[in-house]
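Chemist: I have a structure here, written as structure tokens, and I will follow up with some questions on it.
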Amino acid sequence: AQLLAEGWNSPRATVCMHLAPTASRRIYQQRVGRVTRRTPGKEAGIVVDFVHPSTPSDDPVVTLHSLLDRDVYRGGAIVVGPVRRGRGRRLRVERRVLPITPDPERRAQVFERELWRIAVEHLNWGEQHAWAALAGARVASNNWRRAKAMLHFDGTGELRRRYLITCLQRNRNTQLRMRALQEVGALRDPEAFDEAVEIVGGWSREERREGVKTLLQALAERPIGRRDQASRWLWHLAEYSREVHEEYAVSRWPETKRLLGLLVNSSGGAHARNARRLVQATKNQDRRLSAALLAAALAHTPEAQQVLDGARMRMARKPSALARELLRNFPKGRRKRGGRRRRGRGGNKGESENGNVQAVESRKSKKGNSESGDRSQQRPAA
């Protein structure tokens with residue numbers, strides 16, 4: 001084997017397979033040198049290293065990429081070039097790459113440069129989460145499906161959850177954030193849903209309203225988490241959209257404005273009494289109006305807050321039903337107006353012809369008047 005590595009010369013040799021890995025750079029260079037001789041009809045030499053694709057370059061075992069200090073590994077690609085790609089080339093070049101440089105800064109640059117070509121399944125656990133976070137922040141509409149396909153190996157769902165949560169936090173595309181919210185609801189993961197509820201609370205008014213509708217729809221369609229968790233999420237979402245529920249309650253029941261005004265403008269013991277009065281009033285109303293009244297109420301003291309929390313807990317015994325009632329309070333989207341009605345050709349043509357006729361007649365009449373005026377002025381002179 002040592003004779004073939006150093007003292008053997010055959011320009012036709014094309015493939016070098018390192019069945020006995022070595023930690024010596026000198027021996028590795030001698031082995032690779034056997035397949036680098038040029039000969040007619042030879043396009044390139046093939047070097048096969050029996051190591052894991054994600055092995056970093058600082059590993060004791062020498063590889064071709066560590067010898068040349070390369071940043072990424074791409075199976076079947078030309079490492080030393082330029083080499084002319086002839087017709088006889090039969091190697092399959094992989095589309096995906098792997099960072100193999102041990103330098104953290106250079107690895108970060110590889111992540112930035114080759115984000116959508118990295119073989120995520122071959123990375124370690126920490127870098128997989130780093131990739132998921134970076135992909136969630138950088139994903140666009142044209143590569144949303146690609147990002148999901150690159151996480152096909154995620155059996156636990158942690159990477160997908162990290163990807164969606166980061167998309168909600170850092171992505172600038174509003175439509176993609178709403179899409180991520182829908183997928184968070186489809187996951188039925190209590191931790192991810194809890195984070196999504198907190199994130200939606202920090203959005204702008206219009207985006208927060210759309211996000212609340214999306215999360216309420218998810219709670220109305222399928223059970224997520226425990227009952228107490230669902231109840232807490234529902235009333236948090238109702239608090240984010242309090243103006244909507246207050247507007248519906250005021251339009252539905254005129255007494256709402258007076259009860260809410262008494263609750264807001266009171267303090268101390270009177271504030272707690274007004275809270276009890278509001279809760280008592282909700283018992284005489286239907287479920288939708290009662291939910292809207294409790295969602296619009298604001299407590300300033302612990303006693304009043306305890307009264308409202310008790311009523312809300314009783315109201316949320318069936319979270320899906322309460323979510324549907326809260327969804328009904330949101331105004332429906334405006335329908336698009338249809339195009340203008342086209343007038344008949346005959347009517348328009350007739351109107352235009354009549355208009356032209358009237359214009360011609362008026363011009364003629366004016367002309368006739370002017371001529372008659374001229375004649376009348378000329379007669380005395382004659």
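Yes/no per residue for (1) aliphatic (A, V, I, L, M); (2) assigned to a helix (DSSP H, G or I); (3) at pLDDT 95 or above; (4) surrounded by fewer than 18 Cβ atoms within 10 Å (Cβ to Cβ):
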position: Gln229; (1), (2), (3), (4): no, yes, yes, yes
position: Leu234; (1), (2), (3), (4): yes, yes, yes, no
position: Leu237; (1), (2), (3), (4): yes, yes, yes, no
position: Lys257; (1), (2), (3), (4): no, yes, no, yes
position: Val264; (1), (2), (3), (4): yes, yes, no, yes
position: Ser267; (1), (2), (3), (4): no, no, no, yes
position: Asn284; (1), (2), (3), (4): no, no, no, yes
position: Leu294; (1), (2), (3), (4): yes, yes, yes, no
position: Leu298; (1), (2), (3), (4): yes, no, no, yes
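Chemist: Tell me which residues, restricted to the range 147-179, are over 13 Å from the mean Cα position of the chain (by Cα) and either within 16 Å of Glu195 (Cα to Cα) or of a type outside the set (Phe, Trp, Tyr) (or both).
Modeler: Result: Ala149, Met150, Leu151, His152, Asp154, Gly155, Thr156, Gly157, Glu158, Leu159.
Chemist: With more than 20 Å from Leu134 (Cα to Cα) and assigned to a loop (DSSP other than H, G, I, E, B) as the only criterion, which of Gly185, Gly202 stands out?
Modeler: On inspection, the qualifying residue turns out to be Gly202.
Chemist: Considering the range 1-16 alone, what residues qualify as being under 56 Å from the mean Cα position of the chain (by Cα) and either modelled with pLDDT under 80 or aliphatic (A, V, I, L, M) (or both)?
Modeler: Keep residues of the range 1-16 that are under 56 Å from the mean Cα position of the chain (by Cα), which gives 5, 11-16.
Matches in the range 1-16: Ala5, Ala13, Val15.
Chemist: Further, regarding this structure: Working carefully through the options Arg26, Arg31, Arg37, Arg12, find the one that is assigned to a helix (DSSP H, G or I) and surrounded by fewer than 17 Cβ atoms within 10 Å (Cβ to Cβ).
Modeler: Step by step, each of Arg26, Arg31, Arg37, Arg12 is checked, and only Arg26 is assigned to a helix (DSSP H, G or I) and surrounded by fewer than 17 Cβ atoms within 10 Å (Cβ to Cβ).
Chemist: Only one of (1) loosely packed, with under 15 Cβ neighbours inside 10 Å; (2) assigned to a helix (DSSP H, G or I) is not met by Thr156, so which one is it?
Modeler: (2)
Chemist: Failed condition for Pro302, given (1) free of Cβ contacts under 8 Å to residues at least 60 places away in the same chain; (2) in contact with a Phe, Trp or Tyr (Cβ under 8 Å, 6 or more places away or on another chain), with all others met?
Modeler: (2)
The values are calculated or read from the model by the stated rules, or taken from the named source; none is laboratory data. What you see is a predicted model, and the numbers here were worked out from it, not measured in a lab. Note that we place each Cβ from the backbone using ideal geometry, even for glycine, and neighbour counts take in every protein chain shown.
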